[in-house]
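Report on the structure given below.
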Amino acid sequence: MWVESQFHVGRCAIGVRVHRLDADECERTAAMLAWLTLEAMRADADSGSSPWHEFVNGLLCQHVAFVVPDERLAEATPEWWSEVVGRALTQFVRDNDLAGSINRHLQMLQDAASGRGFHA
């Protein structure tokens, strides 16, 4: 199932269609986002070629469709696209209810890294 929504970047309305993942896909996606986010933070990775960026780009290519006015495409800057992609990722997380799972995985990974995790 696809969910349609819209957000604004500047004065431009951007339409997005987000694919709703099934429960297993949601859990796997949340775990990968959490793990790659922690790894990116540890590596201080802000180049556009980190594993986090590659995973997010793959998610967006497979699960988000954009509707952008033709006239805006002609003058779109890299900064503008960066904001559009960031907002689309936020919408993907929201529409798939991933925030709680991502936070849970982040906490488990941080606990495991600090030696507090997985104790009975």
(request) Could you please find all residues in segment 82-98 being in a helix (DSSP H, G or I) and surrounded by 13 or more Cβ atoms within 10 Å (Cβ to Cβ)? (result) E83, V84, V85, R87, A88, L89, Q91, F92, V93, R94, D95
(request) List every residue pair whose Cβ atoms lie under 8 Å apart, where the two residues are 6 or more positions apart in sequence or sit on different chains, the first residue falls within segment 55-83 and is closer than 21 Å to E4 by Cβ, and the second residue, located anywhere, is of a type in the set (D, E, K, R). (result) V64/R17; A65/R17; V67/R17
(request) Go through (1) in a helix (DSSP H, G or I); (2) at positive phi; (3) of a type in the set (G, A, S) one by one and return the number of the condition G115 breaks. (result) (1)
(request) Test H63 against the criterion of being within 15 Å of the chain's Cα centre (by Cα) and under 22 Å from V84 (Cβ atoms), and give yes or no. (result) yes
(message) part of a helix (DSSP H, G or I), more than 19 Å from S101 (Cα to Cα) and either among the aliphatic types (A, V, I, L, M) or in contact with a Lys or Arg (Cβ under 8 Å, 6 or more places away or on another chain) (or both): is that true of L73 in this structure?
(response) yes
(request) Could you check how many residues of segment 1-40 are without any contact (Cβ under 8 Å) to a residue 60 or more places away in the chain and of a type in the set (A, V, I, L, M, F, W, C)? (result) 6
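Results for (1) of a type outside the set (D, E, K, R); (2) modelled with pLDDT of 90 or more, shown as yes or no for each residue.
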position: D44; (1), (2): no, no
position: G48; (1), (2): yes, no
position: N57; (1), (2): yes, yes
position: F66; (1), (2): yes, yes
position: R72; (1), (2): no, no
position: A76; (1), (2): yes, no
position: V84; (1), (2): yes, yes
(request) Output the residue which, of all residues in segment 16-25 that are in contact with an Asp or Glu (Cβ under 7 Å, 6 or more places away or on another chain) and not in a loop (DSSP other than H, G, I, E, B), is surrounded by the fewest Cβ atoms within 10 Å (Cβ to Cβ). (result) R17
(request) State yes or no: is F55 over 23 Å from A23 (Cα atoms) and either in contact with a helix residue (DSSP H, G or I) (Cβ under 6 Å, 6 or more places away or on another chain) or not in a helix (DSSP H, G or I) (or both)? (result) no
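The values are calculated or read from the model by the stated rules, or taken from the named source; none is laboratory data. Treat the numbers as computed from the prediction; the structure is a model and nothing was measured. Neighbour counts run over all protein chains shown; Cβ positions are idealised from the backbone, glycine included.
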